[in-house]
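Colleague: My questions will all concern the structure given below.
The values are calculated or read from the model by the stated rules, or taken from the named source; none is laboratory data. Since we're looking at a predicted model, the values are computed, not measured. Note: ideal-geometry Cβ built from the backbone for every residue, glycine included; neighbour counts use all protein chains shown. Accessible surface is based on the protein model in full, side chains and every heavy atom, while ligands, DNA and RNA are left aside. Shrake-Rupley method; radii C 1.70, N 1.55, O 1.52, S 1.80 Å.
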Amino acid sequence: MTQEPPVVTKSFVRFEQQHILPIPEDQRTGTSWSLFAIWVGLNMMPLTVVTGAVASGAYGLPIGWSIAAILLGNVLGAFGSALHASQGPHLGIPQMLQARAQFGYMGGSLFALIAFIMFIGFFASILIVARDALLAVFPDFNGSLAILGFAVIGIVLCVFGYDLLRKTMVYLSIVIALAVTVSMVLLWLQPEVSGLRADAEFTFEGFFAMLAIGIVWQLAYAPYVSDYTRYLPKTTGPKAAFWSTYLGLVLSSVFVMTLGVLLGAASPENPLAALGEHLGTIGLVVLIIFAVSSALINGVELYSAVMNALTGIQSTFRNVIITSRTRVVTTIVSGVGATLIALLGQGDFMTMFESFLSLLLYVLIPWSAINLADYFIVKKGDYAIGELFNREGGEYGRWNAVGLWSYAIGFAAQVPFMITPLFTGPMAAPLRNIDIAWLVGFVVTAAVYLVLVRVRAARGGNAADGGSETGSAAATPAVEPR
């Protein structure tokens, strides 16, 4: 009697087991379309709306100038993020793990920590804005309970990992795009919203401040774009990764922020509430969609926070082996911590968020400049992946003096031009409070890094020059990439 072959069942969702390890070619299930959908869906949330509302609400810019500043800022910022994204298919590793190549094995963990804090901040911010969207529809609902419920959804998605997040974002992007489109069309048809506000006027300070916010909004994606493009097959290539990321980020950001501009003009104090006030039942339905989608989208923020946490854990604790269980435990702990931050930070959210964005820009710019200069000019994409997991530092050292000094000098170059609620540099007033610190920081950091690399090469040095602690390049990696 012939035995029937076993029936192989294929689950709808694949539980992630690779964590920070390089993604094997046979497990790279990403496509250009799914990548585009991830970045489109990621911006389809009320936090993007609130960010767009800053232009017309907080800065009082006319609608046309608000949209112009948003468009220019996002176009410039997304170019940098997309260049980072193009590295993913080639290297197959998370974005911030690459920092070990520029800053050393231990030095890279410092930047993983910075990125971790950033993503935890975004996770908490999204929870607060999702709560606001829900309370605009159900004012008597318990805000803390809403935050807890939304947090659980994001944590569960993150526990399953990339595959579930990717599939969720594909469907979510379609639903929310329809909701935003309907809202924008209806708002444009209302003269009291689209008409010129009596107090709206163009100011250089407001325009360039909003341009900087657009740039930092996009650069905030830079530390984790390769977390997702690493799932693209190598044959797909960096060009597909670049354009899928660039177009997805720009189109969705500008689209949703424009809705925020209209709502900020209508209600500067509470732009989300303006949806219900001006669109009635349709606006309330859109707010509910926003609230639920934010909980789903937040899984992506937490996922990248976890990738950076695992990178730091693996660098710091010699006896810890990164496994799927480690990833799940780290996800739960990180999610609970971010939820507590959201619960404690429900007060003056807009002021805190604007300060957070300003600080974020100054911290990210020097790292981005170094990563792009190293990848595209110095190394030209040629990295020894196994050495990035070498606890003794290996080829890249434990502390890379060139990368660390370049970052410090680049960050310091921004200080005279900084404009934040806590500190304003001496060059801000002569420049009419136009924020160019990000531009100075990027140019100075890249230039210093390239010069120091040349000086080190001329001296015949390596990544460990400058008193760094290094080991043999042949040392066995603490985690063997598969």
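Colleague: At a probe size of 1.4 Å, how large is the accessible area of Ile377, to the nearest 10 Å²?
Modeller: The accessible area comes out at roughly 90 Å².
Colleague: What list of ³J(HN,Hα) values in whole Hz, one per residue of the range 270-276 in order, does the Karplus curve 6.51 cos²θ - 1.76 cosθ + 1.60 (θ = phi - 60°) give from phi, with Gly and Pro shown as x?
Modeller: Ordered by residue, 3J(HN,Hα) equals 9, x, 5, 5, 5, 4, x Hz.
Colleague: Here's something else I'd like to know. Where only protein heavy atoms count, and the probe is 1.4 Å, what is the accessible area per residue for the chain in Å²?
Modeller: Accessible area per residue, the chain: 40 Å².
Colleague: A further question follows. For Phe317, Phe242, what's the largest-to-smallest order of accessible area, 1.4 Å probe?
Modeller: Largest accessible area first, the list is Phe317, Phe242.
Colleague: Could you point to the residue in Tyr449, Tyr59, Pro191 farthest towards the positive end of the chain's charge dipole, with +1 and -1 charges on the Cβ of Lys/Arg and Asp/Glu respectively?
Modeller: Final value for the positive-end residue is Tyr449.
Colleague: Per-residue counts of other Cβ atoms within 10 Å, averaged by peptide: what ranking do you get for 423-436, 29-42, highest first?
Modeller: Result, highest mean first: 29-42, 423-436.
Colleague: Here's a follow-up. Starting from the Cα of Asn142, step 7 Å along the direction of its Cβ; do the same at Lys239; then give the gap between the two resulting points in nm.
Modeller: Between Asn142 and Lys239, the simple spin-label model gives 5.6 nm.
Colleague: May I pose another question? Could you tell me the accessible area of His84 in Å² (1.4 Å probe, neighbours in place), rounded to the nearest ten?
Modeller: We get 0 Å² for His84.
Colleague: Roughly speaking, what is the centre-to-centre gap between the range 262-303 and the range 322-339 when only Cα atoms are used, to the nearest Å?
Modeller: Their Cα centres are 29 Å away from one another.
Colleague: Carbon and sulfur atoms: what percent of the 1.4 Å accessible area of the chain do they account for?
Modeller: C and S fraction of accessible area: 69 percent.
Colleague: Order Leu404, Leu344 by their accessible area, 1.4 angstrom probe, all chains in place, largest first. Display every interim value, and only then the final one.
Modeller: Details: Leu404 45, Leu344 160 Å².
Highest to lowest solvent-accessible surface, that is Leu344, Leu404.
Colleague: log₁₀ I(q)/I(0) of the chain at q = 0.10, 0.11, 0.12, 0.13 Å⁻¹, via Debye over equal Cα point scatterers, no solvent, to two decimals?
Modeller: Values, matching the q order: -0.73, -0.88, -1.04, -1.21.
Colleague: Among Leu439, Gly299, Ala369, whose Cα sits farthest toward the positive end of the charge dipole of the chain (+1 at Cβ of Lys/Arg, -1 at Cβ of Asp/Glu, about the Cα centre)?
Modeller: My answer, from the dipole projection, is Ala369.
Colleague: Lysine pairs in the chain with alpha-carbon atoms under 26 Å apart, 8 or more places apart or on different chains: how many are there?
Modeller: Numbers: Lys10/Lys167; Lys10/Lys234; Lys167/Lys234; Lys167/Lys239; Lys234/Lys379; Lys234/Lys380; Lys239/Lys379; Lys239/Lys380.
Step by step, the pairs that qualify in the chain add up to 8.
Colleague: Sort Met184, Met45 from largest to smallest accessible area, using a 1.4 Å probe on the heavy atoms of the protein chains.
Modeller: Met184, Met45
Colleague: Follow-up question, since we're still on this one. Probe 1.4 Å, all protein chains in place: accessible area of Val329 in Å², nearest 10?
Modeller: Spelled out: Val329, probe radius 1.4 Å, area about 80 Å².
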